[in-house]
Amino acid sequence: MKRPVATTLSRRGLIGGGAAAAAAAALPTRWAIAQAKPLKVGLMLPYSGTFAKLGENITTAIELLIAEKGGKLGGREIQIVKLDDESKPENAPQNAERLVKRDAVDVLIGTVHSGVQMGIHKVVQDSGTLTIVPNAGNVAVTRQLCAKNVFRSSFTNWQPAYGMGLAAAKKGHKKSVWVTWDYAAGAESGAGFKEGFEKGGGEVLPSLTLPFPQTNFQPLLAQIPSLGVDVVGSFFAGGGAVQFVKEYAAAGLKAPLCGSGFLTEGTLEAQGAAAEGIETALHYGDGLDNAKNAAFRKTFKDKAGRDADVYAVQGYDAAQLLALGLEAVKGNIDDEANLYKALRAAKLESPRGPIAMSPSQNITQNVYLRRAEGGQNKVIGIAAENLADPGTGCKLA
Ligand code: PHB
């Protein structure tokens, strides 16, 4: 691992650095000192902009899990360093470098935006820093660019959208169009929807797009009536999703709106009646009846004063993964072989139900079909059971 020297007191470094006998004698004490140091966890997340609430919920849930474990994971105190990435891809490499080099974090948890994730990925592929992706779904990170030190606790953009495509076709819809922001998450979710919808015999027209994070939806909505589609699929999230759903309802279009579940996730209160009846597919939903979910929703609400959502769940599971890995190596993050072995074999009770790490280090999970009703995304079925991303091009032994 290429981590900055100052951050890591590794066994190898100690033995190589001085007379072998002296090092051996000094080892237990210095080793104990290294282990006694807090483990630095960098959170690179959006705390401003259209995805600000997503970053906040991820952070709150991470802090919740750490508090549940008494402030220590694998015996190590945890020190959190936060950085607002503003969902700006152009600043991402520099921001990630700041955490990895200047702040010398041992672990990086980030981020939400797929474009920003690419910036993080370049940096951590080089530094070898253990990285857990708590949202961003860009497929490359766990397909062709997969890396042994990068794990995802969330989804790929393909997963929920593919489930939605299957479900929309099953409902009897025949012709659709995908409306989205023009960036990786929009394009990859559009491709997933198309694959699922076509598998069920439907046809998908070329996507209607606008640049991220713009919200000038009217020119796109104006094109829909003449397309002859009987359902419209969509990827938007956060503040942008609130506005899109309201404007879609106000436009009075005949075709029902559906999408990756982010469209109505954590947004229903703000969307109000405009969201009523919208069907979406996601790896989480309201009313999932398992003990972990009940306990999680209660403690999250007590801490945050608002309801948990998929972002909170993914943050909690990022911290659950980190806990599992650190427990396997008793806090010795330099024991990479055993750390990665434990993470690759991870099976967790998540508030979303049982989940497992896939061979390309993404989550295998159910994708639920939900309908927005009375301020809840009610689970009405399973769109795709135990769905793994294909992980195409990833070669991790
Ligand atoms: C992404 O950019 O990958 C992304 C952002 C927000 C979401 C989902 C995916 O809710």
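Within the set of pairs 6+ apart or on separate chains, which have a first residue in the stretch 125-140 that is farther than 22 Å from Q320 by Cβ, a second that is open to solvent by less than 10 Å² (accessible area, probe 1.4 Å) and among the hydroxyl-bearing types (S, T, Y), and C-beta atoms under 7 Å apart?
N138/S114; V139/T156
Which strands (runs of 3 or more DSSP E) sit wholly inside the stretch 348-397 and have at least 2 residues that are small (G, A, S) and on the phi > 0 side of the Ramachandran plot? Even if it seems obvious, please write down each step before you answer.
On the way: elements: 353-357, 363-373, 376-387.
Where strands (runs of 3 or more DSSP E) fall fully within the stretch 348-397, none carries at least 2 residues being small (G, A, S) and on the phi > 0 side of the Ramachandran plot.
Just name the residue that is farthest from the ligand (Cβ to nearest atom) out of those in the stretch 170-193 that are small (G, A, S) and more than 21 Å from the chain's Cα centre (by Cα).
Kept after step one, since they are small (G, A, S), are these residues of the stretch 170-193: 172, 176, 184-187, 189-192.
Applying the additional criterion that residues be more than 21 Å from the chain's Cα centre (by Cα) yields 172, 176.
Values: G172: 28, S176: 20 Å.
Going through the qualifying residues, I end up with G172.
Is it true that some residue in the stretch 248-266 is within 15 Å of the ligand (Cβ to nearest atom), out of contact with any Leu (no Cβ under 8 Å at 6 or more places or on another chain), open to solvent by less than 60 Å² (accessible area, probe 1.4 Å) and not in a loop (DSSP other than H, G, I, E, B)?
Yes, the stretch 248-266 contains a residue that is within 15 Å of the ligand (Cβ to nearest atom), out of contact with any Leu (no Cβ under 8 Å at 6 or more places or on another chain), open to solvent by less than 60 Å² (accessible area, probe 1.4 Å) and not in a loop (DSSP other than H, G, I, E, B).
Mind checking which residues of the stretch 222-247 are away from the ligand (no atom under 16 Å from the Cβ) and open to solvent by 30 Å² or more (accessible area, probe 1.4 Å)? Write out each step before concluding.
Within the stretch 222-247, the first condition is being away from the ligand (no atom under 16 Å from the Cβ), and the residues that meet it are 222-232, 246-247.
Within the stretch 222-247, A222, Q223, P225, S226, L227, G228, D230, K246, E247 qualify.
For the stretch 192-216, give me each residue that is surrounded by fewer than 19 Cβ atoms within 10 Å (Cβ to Cβ), in contact (Cβ under 8 Å) with a residue 12 or more places away in the chain and out of contact with any Ser or Thr (no Cβ under 9 Å at 6 or more places or on another chain).
Of everything in the stretch 192-216, those that are surrounded by fewer than 19 Cβ atoms within 10 Å (Cβ to Cβ), in contact (Cβ under 8 Å) with a residue 12 or more places away in the chain and out of contact with any Ser or Thr (no Cβ under 9 Å at 6 or more places or on another chain) turn out to be E195, E198, K199, G200, G201, P206, P211, Q214.
Give G196, G201 a once-over and let me know the one that is more than 15 Å from the ligand (Cβ to nearest atom) and at positive phi. Let's see the steps before the verdict.
On the way: G196 fails: at positive phi.
After applying the criteria, what remains is G201.
What number of residues in the stretch 267-302 are in contact with a strand residue (DSSP E or B) (Cβ under 7 Å, 6 or more places away or on another chain) and open to solvent by 10 Å² or more (accessible area, probe 1.4 Å)?
Adding up the residues that qualify gives 10.
Assess whether A323 counts as being touching a residue at least 12 places away in the same chain (Cβ under 8 Å), more than 16 Å from the ligand (Cβ to nearest atom), of a type in the set (A, V, I, L, M, F, W, C) and within 25 Å of A140 (Cα to Cα). Quick ask: steps written out before the conclusion?
Numbers: touching a residue at least 12 places away in the same chain (Cβ under 8 Å): yes; more than 16 Å from the ligand (Cβ to nearest atom): yes; of a type in the set (A, V, I, L, M, F, W, C): yes; within 25 Å of A140 (Cα to Cα): no.
So A323 does not fit the description; no.
Looking only at the stretch 76-129, how many residues end up being more than 15 Å from the ligand (Cβ to nearest atom) and of a type in the set (S, T, Y)?
Of the residues in the stretch 76-129, 2 are more than 15 Å from the ligand (Cβ to nearest atom) and of a type in the set (S, T, Y).
Filter the stretch 130-145 for residues that are within 16 Å of the ligand (Cβ to nearest atom) and either under 12 Å from G391 (Cα atoms) or among the small types (G, A, S) (or both) and give the result. Don't jump to the end; show me each part of the working.
Kept after step one, since they are within 16 Å of the ligand (Cβ to nearest atom), are these residues of the stretch 130-145: 131-143, 145.
Scanning the stretch 130-145 gives A136, G137, N138, V139, A140, V141, T142, R143, L145.
The values are calculated or read from the model by the stated rules, or taken from the named source; none is laboratory data. None of the values given here were measured: they were computed from a predicted structure. Please note: Cβ atoms are built from the backbone with ideal geometry, for glycine as well, and neighbour counts cover all protein chains shown. In case anyone asks, the SASA skips ligands and DNA or RNA and just uses the protein heavy atoms, side chains included. Shrake-Rupley method; radii C 1.70, N 1.55, O 1.52, S 1.80 Å.
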